[in-house]
Amino acid sequence: MKLQSVEISGPQIGLPMVLHVSRVRSHTANRISWHSHEGYELLFLLEGATAYEFGNRETVRLRGGHFLVIPPRTVHRGLHNV
């Protein structure tokens, strides 16, 4: 299955302080390279499992039903290269 991504601006759904809300669905695993954001990143994992790495900090592992809040300008990436 191909990657399915949907993005909506926050103001469109009554959330004026949110830049955008996106949903990504993929049956193909790949690595998210080192990056950061100017605002908060909120991740909600509905199914499956993944892990994120934060510089020299501890690895954070997520499973379906977990969420993660990443502060602004925090450099992070997906842990696994699969």
Report summary line: Given the conditions (1) charged (D, E, K, R); (2) surrounded by 11 or more Cβ atoms within 10 Å (Cβ to Cβ); (3) touching a residue at least 24 places away in the same chain (Cβ under 8 Å), every one holds for GLU38 apart from (2)
Requested in this report: Give the residues of region 41-56 that are open to solvent by 80 Å² or more (accessible area, probe 1.4 Å) and either closer than 17 Å to PRO71 by Cβ or acidic (Asp, Glu) (or both), sorted by residue number.
Outcome: LEU42, PHE44, GLU47, ASN56
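The values are calculated or read from the model by the stated rules, or taken from the named source; none is laboratory data. Source: prediction; values computed, not measured. All Cβ positions, even for glycine, are placed from backbone atoms using ideal geometry, and neighbour counts span all protein chains on display. The accessibility values were calculated without ligands, DNA or RNA, using every heavy atom of the protein model including side chains. Shrake-Rupley method; radii C 1.70, N 1.55, O 1.52, S 1.80 Å.
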